[in-house]
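Below is one structure, written out as structure tokens; comments come after it.
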Amino acid sequence: MKRLLAYLLIILVIILSGFLIRTTWTLLTILIDEHPNHDDHAMIGAIIIWFLYFEFIALIAKYFESKLHFPLRYFIYIGITAIIRLIILDHGNPSGTLIYSLAILVLLGALYISNTPLLKRM
């Protein structure tokens, strides 16, 4: 079963790497002004999506490095990054932004708790 999971994660890394390369290409075309609709929100969104792809690939690499175990704190990092992307791209609703900010605060509390000596596994 673990071998099947390892193979599926390798396939997922290949797929995510393809999306990472595509997003990198999109960013390069935006930066050198070949992109016809130069939109700052699109560029910021592409940058944050690039980091999300990179974080997922790093999470899978960490899975193999840590003897087939997903550290909880990496999922929390990805969640915080995804919520920050939502705040940046969809900041028209003040109450929604406040709720997203509270969600980040909850995730930061969970990150603090997960890094305590009682829960931290090394």
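Structure summary
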| item | result |
| --- | --- |
| Scope segment 64-97; condition of a type in the set (S, T, N, Q) and either surrounded by 12 or more Cβ atoms within 10 Å (Cβ to Cβ) or touching a Cys at 6+ places or on another chain (Cβ under 7 Å) (or both); matching residues | SER66, THR81, THR97 |
| Residues within segment 59-86 that are touching a Ser or Thr at 6+ places or on another chain (Cβ under 9 Å) and modelled with pLDDT of 90 or more, tallied | 2 |
| Candidates TYR53, TYR100 - the one that is surrounded by 14 or more Cβ atoms within 10 Å (Cβ to Cβ), over 30 Å from ARG3 (Cα atoms) and either among the aromatic types (Phe, Trp, Tyr) or free of Cβ contacts under 8 Å to residues at least 12 places away in the same chain (or both) | TYR100 |
| Among the residues listed as LEU111, LEU59, the single one being touching a helix residue (DSSP H, G or I) at 6+ places or on another chain (Cβ under 7 Å), in the same structural domain as VAL13 (by TED's automatic domain parsing), surrounded by 15 or more Cβ atoms within 10 Å (Cβ to Cβ) and in a helix (DSSP H, G or I) | LEU59 |
| Some residue of segment 71-80 being more than 15 Å from the chain's Cα centre (by Cα) and assigned to a helix (DSSP H, G or I) | no |
| Segment 7-31 residues that are closer than 14 Å to GLY45 by Cβ, paired with ones that are part of a helix (DSSP H, G or I) and among the β-branched types (Val, Ile, Thr) (beta carbon under 8 Å, 6 or more apart) | THR23/ILE49; LEU27/ILE47 |
| Filter result (aliphatic (A, V, I, L, M) and either surrounded by fewer than 13 Cβ atoms within 10 Å (Cβ to Cβ) or outside any helix (DSSP H, G or I) (or both)) within segment 16-32 | ILE21, LEU28, LEU31, ILE32 |
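The values are calculated or read from the model by the stated rules, or taken from the named source; none is laboratory data. Quantities reported herein were computed from a predicted structural model and do not represent experimental measurements. Virtual Cβ from ideal backbone geometry, glycine too; neighbours counted across all protein chains shown.
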